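Worksheet: the structure to be examined is printed underneath.
Just so it is clear, none of the values below were taken in a lab; they were calculated from the coordinates. The model shown is predicted, which means the values in this text are computed figures rather than measured ones. Here the Cβ positions follow ideal geometry from the backbone for every residue, glycine too, while neighbour counts run over all protein chains shown.
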Amino acid sequence: MTDTKLNTDNETVTLSKPKTAKPPMYKVILLNDDFTPMEFVVHILEKFFGITHDLAINIMLTVHQKGLAVIGVFSHDVAESKVNQVMAYSRKNQHPLQCTMEKE
Ligand code: TYC
C-alpha cells in the first residue's frame, strides 16, 4: 500500500514511507510474593502459557529472585485474558499471586 498526498501546488505526491498498521503489544508480568507455593507458579506457567516444565521452573525462580518477570508479549485482548485466567485461578486456589499487563 502506497500513501499519497497533495503538495502545496495541488499535485499528488507519493509519500516515501507508507504507514503500516502496527497494533500495540502488551507484556504480561508475573510478580513475586512470599506465600504462593513455587510448584503452583510452575503449574500456572505450564497451564496458561504453554511453557515447558524446565523453562517454567527457571521463570518462577527469576520472579522469586528478582521480584518480577515478563512471561510473554501479546495483543491487548490475549494479554488481558491471560491476566484474568491467572488471577481467577490463583484466587480460586486461595493464593495471592499477582499478574499484570503493561503496554510495551
Ligand atoms: N516467593 C514464593 C515462595 O518463596 C514463590 C513465588 C515465585 C511466588 C514466583 C510468586 O510469581 C511468584 N514460595
Simple spin-label estimate for Leu15 and His76 in nanometres, 7 Å along Cα-Cβ: 2.1 nm
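Between Glu104 and Glu46, 0.36 nm times their residue separation minus their Cα-Cα distance comes to what?
Answer, rounded to one decimal: 18.6 nm.
Above 24 Å lies some portion of the pair distances; for the chain, what is it as a whole percent of all C-alpha pairs? Don't jump to the answer; show the numbers that get you there.
Working: 2018 of 5356 pairs.
Every Cα pair in the chain considered, those over 24 Å come to 38 percent.
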At most 11 other Cβ within 10 Å, DSSP loop - chymotrypsin sites (Phe, Trp or Tyr not before Pro), the stretch 1-93: Phe35
Within the chain, how many Lys pairs that are eight or more residues apart, or on different chains, come under 19 Å at the alpha-carbon? 11
To the nearest 20 debye, the chain has a Cα-centred charge dipole, built from +1 on Lys and Arg Cβ and -1 on Asp and Glu Cβ, of 80 debye
In nanometres, what is the gap between the two model label sites at Glu39 and Asn93, each 7 Å from Cα along Cα-to-Cβ? 1.0 nm
